[in-house]
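Have a look at the structure below, then the notes.
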Amino acid sequence: MKLSLTLLSLLGSLAVCQADAVQLQIKGPDGKPVAGAQVRLVNVGVRPIGSKVAESFDLKSDATGTMTLTPKAGAAKGTIYYLARVIAPGMAVTQVNLKEGTTTLTLRKGQSYGGVIVDSDDKPVAGVKLALTQLNPAGTYSSLAYLRDKQRLETQSDAQGHWQLDNVPLTGPVGFNISDARFKSEFFWLDVSHAAPPLYVEPGATVKGRLLRPDGKPAAGVEFYAGVASTPKTKADGTFQITGIGDRGFAFQALFAAGGQLPFIVPMKQVSDLEPGEVRDIGDIKAKAGLHFRGRLVDEGTNKPIPDVWVSTWGRGANSSGRSDAQGVFDFLIAPESTSFSVSASGYIRKAQPKIPTDAAHIRSGIINMGLIKLKIGRKVAGTIKTAGGKGVAVSINAYKARGIGAYGVSDAQGKFTLDGLEEGQYNLSVQGYRLKAPVKLLVGKGAIAPLNLVLADTAATAAKLAVPRTTTGRVLYQGQPMAGVKIKFNFRSDRNWYMGQMAVSNLEGVYSITSPIENATPDIVGVSRPGYSAEYEAPKVQDGVWRGDVVLSKQGILHGRVVDSAQRPVANAYIAPEKGSDLPVSTDANGEFTLKGVPSSGVTLFASDGPRWKSYKIEKEGEAIQIVLPDAVPIANKSALAEMAVPNSPLDWEWGKRWQVRGQLLGEMLVRARAAGEGYWGWKEMLHIQAVRAPEQFLEHEQENRDHSPSNNRAEFERMVMLARAGTKDKDKRELVKTWLAEQEKERREISPGSVSLLLELAEIAQKIDPAQGTMWSEYAAQLADQIPDSGSTWQWGQLAARVSPRAVEVLIAECNTEAKLQYLNSAMAAYSEAGDTTSARQIFARIEKLGAQVQATSKTKGRQFPAQVRLAKAVLSEAREQLAKLLATSDPATALKVAMPLSSYQRAPILLVMARNATKSNQFELARKALALINAEQLNDGEFIAQVAAITLQFDKPKAATLFRAAFRKANPKQQDEDLWYQMSQMRDNDLYYSIASYAKARAAQWPGESRILIEREWAKRHENTKGKRINAYSNSQKMQGLVSAMAEIDPQHALEMVNGISNDFGFQRVARADIALALLRGE
């Protein structure tokens, strides 16, 4: 590969030491040399830039059991790194890392191991490829060994479905992959100390398409990772075909082009909702041009190159990585959206995500040239961590400091650990999940660092955690009989550590066993898979020193039934689903009849609903006639009264001002009468102010009770709101009282303070309603005081207070201000006009901000960047003002709002585009809605909640596309955890299977499909209550999700939603939020 002249100049003349020979000494279990052992080597060390996996080759040990590899001439010292797979007759396959010098390997005895591959009907399947791909002798993360493509042991099932492999270990979990175009790609962890259970295969789906280069021409020879055992590659015409895909879909991404590195960026593609046996053509995928990210890593002290170091780049949906070669040079392609990068080299102080430069000095001809990147060798410290009784423990140790880079280490079973890459300074030490006996500080300087001897606190909590067993076991039964070949998937969680996607397979006795890869971990069963069966299970519990959790299977069948009302009339468009299922409910036809496939034939509870009506129905016996009677719904006699029941415990925050338009005065009356409302006086004050301005008579009707309820230290503030309400009425007597009160206020002396300015502007708002001239007088008084206060620009709310008075008051306030203060006050005024829905004034203020911002930037350019802070402020204020104006216009003038919003960032713009599109559809401006939704960026469409909202809007003008979006939203909200090719989603989960919620999807569909939405809500609600019993979950997240379910239920059955509220933990205030949502749903329906 050619390098730029700049980069070549960095290389200079380098003296490279020749690499030493690699030797592997192979011994048998008896310690004697093993001659003739077959060694397959794969080079995973430093390779030429842009190359894919380098050469692999086979060698044999000689009569002394020695295998010798002489590196090629020119190979640099310290750059040789191989993975070696070793097999010998009667011995277990073993993998070992090889570097320069001599490595000794002792083989273990092996066995010939085999079983049978069958389909869902237990019939043998011939011609299925099976490969031994993973070894895990200790059952822990540290012992995991992954055999690469060219190192796997492979076989194929015969006509009777039998398979056999030699060199299989005698014990320990071993991983096997099944790959066949006819079936879904499967992976099995088998305990090879037991006879192999039957391995079940299911029909897989096929996806085909075509990959195009950025210029539109076919991209040939590109390999994909598709979450399946095979690695598809594009043909000469760019077409590809991927087989063995699970029924719920997959995500694939391009890895390599023919000969090495991709010359372009291929966006990751998600394919969803595939049916077994389906062949789907996804059409063309067009790659986009990337940028070359180049540089050279050298040691800061010696200027010697640092080889074999991963450099990673980051950005929105655009992550890439590459490795430095023998000269320390890295060169790989990155997406233009990449914003930062990191360099992590063993023993060196880590560079944590510095920014990728975007200036012309670094970017030329599509190349970002980072030049020399110097890494500084960090300090290393070793240590041990033990219990108070002196026993070593395997834990995670963190070294952190107030500023700078920290370090992380993991101790082994003896408690030994190492922290390296430390920079100078003082570190605090912590142990994840445990407390130390005493705080420990680590001082890293230039001198020697003494070994650390850490001791855990001698507490009951420490003892309890250390006593948590590592083994989980149980039986899989069907009608009391053991079931073999059943896959059980686990997540293991320990404090903040997670290890996902672990698997056990039941043996011929129906028993499974799995060892946790981390200490102090609680196992969670997250999926059970056996074709043709459904499973029920509870969380494993500790019994006799191990975790135990049995699984009971039920044979899946087809259920037919009927839904009727209390008068025995058929109910069409009702929905039915199993209580513990995860798929979408099915609907009844015109005769009220339904069919459910793949559910247990007996012992299953069904949920049925058409929205307001709801029924739970249990099937006791197989074959019984199923008729579900939906009870009559109880009508809501007075929605306003029910809303008032919800409001007293709902929060009063600034959002309530925007919600005034829901029911205007009715909502305001409820809120100000809510005795326990709000968290602090601020929310109460704001709501009273809104009512005093918009519904003064209503405010005064409840004046005394609100006065009694106001905090004693805020009585003067409440008195001003009373005067504001009186000034807003047409009652002459009340207005005269205000005049008298204002006259008394004129006599008061005011100190020069920000508080006095705010008070005067509040008085000006009151006076403005009596006499505009009086309003101006008070405003001028406030401005005079403001001019005497240093740094008054920090009190940005003055602009909002002045805007409540009049446009003239804003002009008076900013007349003598500097540019920064003017920008802040105008932006604050924009907030007031947005709150009041005054689009005319908001447009005028925005124009002023635009003009001021342009003047600031012009001045900065003229005077040579002398005002960078002022420029930043101008840009920030303009962006915030633009966002406020776009939000305001989105409800009244979507077309104009679209134009205003375009310069905003995609994340600022996306929620505004949703509001625009929603309001555009209300006025039948469907093309405008389509255009707004098309501008929503792909990153937002990775959010299930966002997709559901887009789908609900799209439903108004494009039902087929809306259906596709709803399917995607459902999949995001409800990932099917037992799917092998969706394992990557599990890495994002923080509270097991409760991380995702169906609430947003259900709420978006409630208006059109209330029965479906209610079943989804009830099903997840029951699951959340069940899963919170005795389980360590993220309580905050769970409460938040439950609040979302109640809010969704409020759109369907507000009475039931109000009953659900008490089921939410009130530790985080989500009960109050749910009550507010219920009140709003009720008032919208009034």
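Taken together, the values in this text are just the output of simple stated rules run on the coordinates, not laboratory data. Keep in mind that what you see is a predicted model, and the values were worked out from it rather than measured. Here the Cβ positions follow ideal geometry from the backbone for every residue, glycine too, while neighbour counts run over all protein chains shown.
In region 385-423, what trypsin sites (Lys or Arg not before Pro) fall in a loop by DSSP, with at most 10 other Cβ atoms inside 10 Å?
Hits after loop and neighbour filter: Arg403.
Which loop-located GluC sites (Glu not before Pro) does region 799-863 contain, where loop means any DSSP state but H, G, I, E or B and the Cβ has at most 16 other Cβ atoms within 10 Å? Could the numbers behind the result be given before it?
Numbers: sites: Glu811, Glu816, Glu820, Glu835, Glu850; in loops: Glu816.
The qualifying sites are Glu816.
Where in region 198-213 does the amide nitrogen come within less than 19 Å of the point 7 Å from the Cα of Gln241, taken along Cα to Cβ?
Zone members listed by number: 203-212.
If you average the sequence gap of Cα pairs under 8 Å that are 6 or more apart and divide by the length of region 428-544, what percent do you get for the contact order?
Details: 190 pairs, mean separation 27.4, N = 117.
Relative contact order for region 428-544 comes out at 23 percent.
So the label point goes 7 Å from the Cα of Asp1067 along Cα→C-beta, right? Which residues of region 1036-1054 then have their backbone N under 18 Å from it?
1036-1044
So how much slack lies between Ser193 and Met645, counting 0.36 nm per residue of separation and subtracting their Cα-Cα distance, in nm?
On the way: separation 452, 0.36 × 452 = 162.72 nm, distance 6.37 nm.
Additional length available on full extension: 156.3 nm.
Multiply the residue separation of Lys437 and Asp550 by 0.36 nm, subtract the distance between their alpha-carbon atoms, and state the gained length in nm to one decimal. Could the numbers behind the result be given before it?
Working: separation 113, 0.36 × 113 = 40.68 nm, distance 3.89 nm.
Stretched fully, the Lys437-Asp550 segment lengthens by 36.8 nm.
Which whole-angstrom value gives the distance between the alpha carbon centres of region 572-592 and region 168-213?
34
Take the Cβ-Cβ distance between Leu477 and Ala854 as r, set R0 to 51 Å, and report the resulting FRET efficiency rounded to the nearest 0.05. Can you show the working numbers first?
On the way: r = 76 Å, r/R0 = 1.48.
E between Leu477 and Ala854, to the nearest 0.05, is 0.10.
Provide, for region 336-473, the number of lysine pairs with alpha carbons under 12 Å apart, each pair being eight or more places apart or on different chains.
Working: Lys351/Lys374; Lys351/Lys376; Lys380/Lys446; Lys386/Lys416; Lys386/Lys437; Lys391/Lys416; Lys401/Lys441.
Step by step, the pairs that qualify in region 336-473 add up to 7.
Mind ordering 449-457, 757-765, 1056-1064 by average Cβ neighbours within 10 Å, highest first?
Working: 449-457: 15.8, 757-765: 23.7, 1056-1064: 18.4.
Top to bottom by mean Cβ count within 10 Å: 757-765, 1056-1064, 449-457.
Apply 1/(1 + (r/R0)^6) to the Cβ-Cβ distance of Gln797 and Asp420, taking R0 = 51 Å, and write down the FRET efficiency to the nearest 0.05. Before the final figure, lay out each step's value.
Details: r = 51 Å, r/R0 = 1.00.
Computed FRET efficiency for Gln797 and Asp420: 0.50.
With Rg and the Kirkwood Rh both taken from Cα atoms, where does Rg over Rh land for region 379-462?
On the way: Rg = 12.3 Å, Rh = 12.9 Å.
Looking at region 379-462, the ratio lands at 0.96.
Sequence neighbours fewer than 8 away in the same chain don't count; with that in mind, list the lysines whose C-alpha is under 17 Å from Lys72.
The qualifying lysines are Lys99.
In terms of Cα to Cα distance under 25 Å, which lysines are near enough to Lys959, apart from those fewer than 8 places away along the same chain?
Leaving aside lysines fewer than 8 places away in the same chain, those within reach of Lys959 are Lys269, Lys922, Lys931, Lys972, Lys1003.
Take Ser1037 and Asp121, extend 7 Å from each Cα along the Cα→Cβ direction, and tell me the distance between the two endpoints in nm.
Going by the 7 Å Cα→Cβ label model, 4.3 nm.
Within region 816-916, report the trypsin sites (Lys or Arg not before Pro) that DSSP leaves as loop and that have at most 11 other Cβ atoms within 10 Å.
Hits after loop and neighbour filter: Lys863, Arg865.
Would you tally the net charge around Phe607, using a Cβ to Cβ cut-off of less than 11 Å, leaving Phe607 out, and scoring K and R as +1, D and E as -1?
Numbers: positive: Lys580, Lys615, Lys618, Arg1014, Arg1019; negative: Glu579, Glu1012, Glu1018.
With Lys, Arg at +1 and Asp, Glu at -1, the net is +2.
Just want to confirm a number: the relative contact order over region 113-200, from Cα pairs under 8 angstrom separated by 6+ residues, in percent.
Details: 195 pairs, mean separation 33.7, N = 88.
Reported relative contact order: 38 percent.
How high is the relative contact order of region 379-462, given as a whole-number percent (alpha carbon pairs under 8 Å, six or more residues apart)?
Working: 188 pairs, mean separation 29.4, N = 84.
Normalised by residue count, the contact order of region 379-462 is 35 percent.
Report the far tail of the P(r) of region 297-375, meaning the percent of Cα-Cα pairs longer than 14 Å.
Values: 1894 of 3081 pairs.
Percentage above 14 Å: 61.
Excluding same-chain residues fewer than 8 positions from Lys208, which aspartates and glutamates have a Cα within less than 19 Å of its Cα?
Asp180, Glu223, Asp237, Asp247, Asp273, Glu275, Glu278, Asp281, Asp284, Asp981
Hey, which of these cross-link pairs are over 23 Å Cα-Cα: Lys887/Lys1041; Lys580/Lys615; Lys555/Lys580; Lys235/Lys286; Lys123/Lys150; Lys555/Lys1041?
On the way: Lys887/Lys1041 27 Å; Lys580/Lys615 15 Å; Lys555/Lys580 15 Å; Lys235/Lys286 15 Å; Lys123/Lys150 31 Å; Lys555/Lys1041 32 Å.
The pairs that break the limit, which is 23 Å between Cα atoms, are Lys887/Lys1041; Lys123/Lys150; Lys555/Lys1041.
Subtracting the Cα-Cα distance from 0.36 nm times the residue separation, let me have the gained length for Arg967 to Asp943 in nm, one decimal.
Stretched out fully, the Arg967 to Asp943 stretch lengthens by 7.3 nm.
Which FRET efficiency value, to the nearest 0.05, do you get for Glu509 and Arg364 by plugging their Cβ-Cβ distance into 1/(1 + (r/R0)^6) with R0 = 56 Å? Don't skip to the answer; put the middle values down first.
On the way: r = 68 Å, r/R0 = 1.21.
The computed FRET efficiency comes out at 0.25.
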